[in-house]
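One structure below.
Where a number appears in this text, it was derived from the coordinates with a stated rule and is not lab data. Here the structure is a predicted model, which means the values were calculated and not measured. Cβ placement follows ideal geometry from the backbone for every residue including glycine, while neighbour counts extend to all protein chains displayed.
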Amino acid sequence: MAVDFHEIPWHDGALHDIRVLGLSGKRQTLELLIDLYPDRDPKSRRRRYRFVGKELLRFLVSGDIAVLLKNANHGNIEHMTMRGTAKTDTLVLTLFGGYIEAEAAKFTLTEVKS
């Protein structure tokens, strides 16, 4: 089930995996596996989500693995910003220890059920 990624607090989320799929094919996709708090309730626990950018046009990833791992338990996601145009959206994900920027035709956030 898709979730409105603008309504979910990203700060203190945890990035677990980054995948860029389809580089040799016709459709490229960016996929992030992340744990986010579902709301702003301090008693909530993080839930696992899959964040997907379809029809990927460009991406930039920079990170210090040691710093990302050190901050993973407390949350290595500092801030998420989404900028849009008529045809694409651009994700800017600032991490404690890195940075991800990606432009795609569409981004979706889906909760991963265990």
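Some notes on this structure:
- Residues whose placed amide H lies under 5 Å from that of Phe5, excluding near-sequence neighbours: Leu109
- Positive contributions from Lys and Arg (+1) and negative ones from Asp and Glu (-1), summed over other residues with Cβ under 11 Å from the Cβ of His11, come out at -1.
- Database remark: amide H of Gln28 closer than 5 angstrom to the amide H of Glu55, Leu56 (H placed geometrically; neighbours at sequence offset of 5 or more, or on other chains; Pro and chain starts carry no H).
- Angstrom value of the Kirkwood radius, inverse mean 1/r, which spans all Cα pairs in the chain: 14.3 Å
- Cβ-defined net charge surrounding Arg40, 12 Å radius [Lys, Arg +1; Asp, Glu -1]: -3
- Whole-Hz Karplus values for the range 53-59 come out as x, 9, 6, 5, 9, 7, 8 Hz, taken residue by residue from phi with 6.51 cos²θ - 1.76 cosθ + 1.60 and θ = phi - 60°; glycine and proline positions read x.
- Modelled spin labels at Glu101 and Ser24, positioned 7 Å past Cα toward Cβ, are 3.0 nm from each other.
- Backbone N within the range 1-24 under 18 Å of label point (7 Å from His74 Cα along the Cβ vector): 10-16
- Taken about its Cα centre, the chain carries a charge dipole of about 340 debye when Lys and Arg each add +1 at the Cβ and Asp and Glu each add -1 at the Cβ.
- Relative contact order computed over the chain (Cα-Cα under 8 Å; 6+ residues apart), in percent: 30 percent
- Note on the range 2-111: Lys pairs 8 or more places apart or on different chains, Cα atoms under 14 Å apart, count 4.
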